[in-house]
Every structure is written in C-alpha cells, then in structure tokens.
Amino acid sequence: MRPLLAACLCLSMVGCSSIVDIARSEDGQRVYGGTRKNVAWVQGEEIGTHDGAAELIIGVLDFPFSLALDTVFLPVTLIFAIARLNTWSLDR
C-alpha cells in the first residue's frame, strides 16, 4: 500500500514548476518557466529556506514533466512574452 501511495504522491507533483510559473501574476508566464526553475534548482541557484538536496531531487524528477507541460503551454507563454516585450518598449 505504501508504494502505491508514494507513486500517487509523486504523480500528483509532476509539472508543478510549470503550473506555478503559469499561475504567478508578477513575472510569471515565462517561456519554459517551469523548466527554467528546475534547472535553477539542480544548479543550486534557487536554494533559499529549502533543503538543497530536496530541491535537487525534485528538480531532476520534475524536469521531464515540466518540459512536456511547458511545451503544451508554449503558445500561451509566447503571447505573454510578446505582450511584455511590447509593454517594455512602450515604457521606454
């Protein structure tokens, strides 16, 4: 029973970096934002109050799922990126 529970828990976390990036209102919706977050975790750039080993493991496990989900979200994130670029150029 425990292995099944552990498998369900792991499957519920897949792609969570991508979902968090899409849901963020400020500086969110980045192109491949979840994948970028996972790479930063693996490289140790995002270590703050969390355990570095846990972020490394989660980053490695979540990477392929975030990559797939970021690819699905690509049309949406490109629209946000273009809009942000146009807003930035208008502010200058």
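The values are calculated or read from the model by the stated rules, or taken from the named source; none is laboratory data. Everything quoted here is computed from the prediction, not taken from an experiment. Ideal geometry is used to build each Cβ from the backbone, glycine not excepted, and the neighbour counts take in all protein chains shown.
Details
- Here Gly48 fulfils each of the conditions (1) modelled with pLDDT under 65; (2) exposed (fewer than 10 other Cβ atoms within 10 Å of the Cβ); (3) of a type outside the set (S, T, N, Q); (4) farther than 30 Å from Leu85 by Cβ apart from (4).
- Output for the range 57-92, where each listed residue is of a type in the set (Lys, Arg) and at pLDDT 75 or above: Arg84
- Ser25 vs. criteria within 24 Å of Leu78 (Cβ to Cβ), modelled with pLDDT under 85 and not in a helix (DSSP H, G or I): yes
- Of the criteria (1) assigned to a helix (DSSP H, G or I); (2) modelled with pLDDT of 80 or more, which one Ala54 fails: (2)
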